[in-house]
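Trainee: There's a structure below that I have some questions on.
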Amino acid sequence: MTTQSHHDPAYLDSLAERFTVLPNDNPASDAKREGLIDKPAFGQVFSDSMAHMSWTKGEGWSDRRIEPYAPIKLDPGASVLHYAQEVFEGLKAYRHADGSTWLFRPDANAERMQNSAKRLYLPEVSVDDFLASCAALVLQDRKWVPTRREYTLYLRPFLFASEPFLGVRAPQEVDYCVIASPSGPYFPGGVKPVSIWVEDKFFRTGPGGTGFAKCGGNYAASLVGEYRGIDQGCEQVCFVDAATKTYLEELGGMNMMVAHKDGHVETPSLNGNILPGVTRRSIIQLLEDSGHDVVEKMIVLQELLDDIRSGEVTEVFACGTAAIITPIGRFKSEDFDVTVGDGEPGELTMKLRDELLGIQMGEIEDPHDWMWKVC
Ligand SMILES: *Cc1c(COP(=O)(O)O)cnc(C)c1O
């Protein structure tokens, strides 16, 4: 931990200076930008700039810059296009009512990206370079951070092997970038429970695999399952463990929590297959703060279904940066179709959602120092 408070914007400010701002001759006009922020098309519209730095085996990281957002020049032989050495992160910049701009636990994302990089045999980005790149991009494009509640600037850091080489080996040239996309509420018409397809044939990962790493390959592997779910009329897919098909793991891009009648909450333990979510970790803390017992364990799917049917389990929800908390209203597979509670968002689910969003938006106290001020 650093001794200087990260509530002091001077801290991120001084880190951000590592990234040199290159001129941008063609930023969006104020009117265009405000229109784009007002009706955000998540992941389709990007801010004016991007952070970029380069790595070579001999020189390490260099050339830290904030450059105009533009296509990347990549050799068709670049390793990532053939062998998928790529990892990424996702976090958000929040605008508070007083106009200040903040990040939520970016140190946790930085550490996770290092763990992901190690698993994919990519060089690590230092925590300070990660923080610096995010802060420098937000500083440069601060006008792209929306003001309304649940509207944010989503940051997408990513790291990939860029050298042209068709042999499989440890990368010799790597690029790291951060891009930013304005995003609005995940549920524009109000929070609604989603239906979940329980996938037990096509898995996103398995024992000893890359499940704990945030890598693009996991998502590529999840798509067949996702679309099997969509074909069955479900909105999201949840995976069971590949080895025994017995235990609940997580959704394609969100962790899961199960609330019991007596107030305790269970969540699948981090067994190497599951992505250690920053939202998951934060919600465990908030639950414990308010006196709930949280049990991290292997959750048996069959027991969950029985407990939902008997009313022992009262609420189930998914959690992740993009949607914060998503109530789960239904589980379906070839063998069952079970509704959770009365199919409406549960009380605890909505309370946690409000609490976490309240901290992120600066509306309530931040007891664990999770927010980092950028400007
Ligand atoms: C990113 C991600 C999550 C959620 O992590 P957060 O840090 O809470 O956003 C959960 N599962 C998978 C597979 C993910 O990629």
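Trainee: Under the 0.36 nm per residue contour assumption, what length would be gained going from the current alpha-carbon distance of LYS32 and ILE364 to full extension?
Mentor: Full extension of this stretch gives 116.3 nm more.
Trainee: Just how much of THR20 is accessible, in Å², when a 1.4 Å probe is used and the result is rounded to the nearest 10?
Mentor: Accessible surface of THR20 is approximately 80 Å².
Trainee: Then there's this: Pull up the cross-link candidates among the lysines for LYS143, meaning alpha carbon to alpha carbon under 24 Å and not fewer than 8 places away within one chain.
Mentor: LYS32, LYS39, LYS92, LYS373
Trainee: So how much accessible area does LEU223 have, in Å² to the nearest 10, using a 1.4 Å probe?
Mentor: 90
Trainee: Only bridges with both residues in the chain count here: give the DSSP antiparallel percent, nearest 5.
Mentor: The antiparallel fraction comes to roughly 80 percent.
Trainee: Just to be sure I understand: with springs between alpha-carbon atoms less than 10 Å apart, which residue in PRO188, PRO68, PRO164 has the highest mean-square fluctuation in the Gaussian network model of the chain?
Mentor: Greatest mean-square fluctuation among the candidates belongs to PRO188.
Trainee: Which listed residue (CYS215, SER282, PHE160) has the Cα farthest towards the positive end of the charge dipole for the chain, taking +1 on Lys and Arg C-beta and -1 on Asp and Glu C-beta about the Cα centre?
Mentor: Highest projection toward the positive end goes to PHE160.
Trainee: Taking only the Cα atoms of segment 194-344, how large is their convex hull per residue, in Å³?
Mentor: In segment 194-344, the Cα convex hull volume per residue is 101 Å³.
Trainee: Counting alpha carbon pairs within less than 8 Å and at least 6 residues apart, what relative contact order, in whole percent, applies to segment 194-344?
Mentor: 26
Trainee: With an 8 Å cut-off on Cα pairs and a minimum separation of 6 or more residues, tell me the relative contact order of the chain in percent.
Mentor: Rounded, it is 19 percent for the chain.
Trainee: Separate question: Please list, or write none, the lysines whose alpha carbon is within less than 17 Å of the alpha carbon of LYS297, excluding same-chain residues fewer than 8 places away.
Mentor: List returned: LYS245.
Trainee: Now for a separate question. Calculate the translational D of the chain in whole µm² s⁻¹ from Stokes-Einstein, where the hydrodynamic radius comes from the Kirkwood formula applied to all Cα pairs, the temperature is 20 °C and the viscosity 1.002 mPa s.
Mentor: Answer from the Stokes-Einstein relation: 99 µm²/s.
Trainee: Please give the length that would be gained between SER269 and LEU22 if that part of the chain were fully extended, namely 0.36 nm times their separation in residues minus their C-alpha to C-alpha distance (nm, one decimal).
Mentor: The span from SER269 to LEU22 would gain 84.5 nm if fully extended.
Trainee: Follow-up. Determine the gain in length on full extension of the stretch LYS192-GLU344; use 0.36 nm per residue of separation and subtract their C-alpha separation, reporting nm with one decimal.
Mentor: Net length gain for the segment: 54.0 nm.
Trainee: Express the carbon and sulfur contribution to the solvent-accessible surface of the chain as a percent, rounded to the nearest whole number, probe 1.4 angstrom.
Mentor: 50
Trainee: For segment 61-180, calculate the relative contact order in percent as a whole number, restricting contacts to Cα pairs under 8 Å that are 6 or more residues apart.
Mentor: Computed value for segment 61-180: 35 percent relative contact order.
Trainee: To continue, here is another question. Quick one: ranking GLU86, GLU347 by accessible area, 1.4 Å probe, largest first, what do you get?
Mentor: The most accessible residue leads, giving GLU347, GLU86.
Trainee: For the chain, with only Lys/Arg (+1) and Asp/Glu (-1) charged at the beta-carbon, what is the dipole magnitude about the Cα centre, in debye rounded to 20?
Mentor: Here the size comes out at about 880 debye.
Trainee: Can you tell me which aspartates and glutamates have their Cα less than 20 Å from the Cα of LYS201? Leave out same-chain residues fewer than eight positions away.
Mentor: Result set, ordered by chain and number: GLU226, ASP231, GLU235, ASP241, GLU249, GLU250, GLU303, GLU334, ASP335, ASP337.
Trainee: Could you do me a favour and compute the accessible area per residue for the chain, 1.4 Å probe, result in Å²?
Mentor: On a per-residue basis, the chain sits at 43 Å².
Trainee: Taking the simple approach of a point 7 Å from Cα along Cα-to-Cβ for both LYS118 and THR56, what is their distance in nm?
Mentor: 2.8
The values are calculated or read from the model by the stated rules, or taken from the named source; none is laboratory data. Bear in mind that the values here come from a model prediction, so they are computed numbers and not experimental data. We place every Cβ from the backbone using ideal geometry, glycine too, and count neighbours over all the protein chains shown. Note: accessible area is taken over every heavy atom of the protein model, side chains too, but ligands, DNA and RNA are not part of it. Shrake-Rupley method; radii C 1.70, N 1.55, O 1.52, S 1.80 Å.
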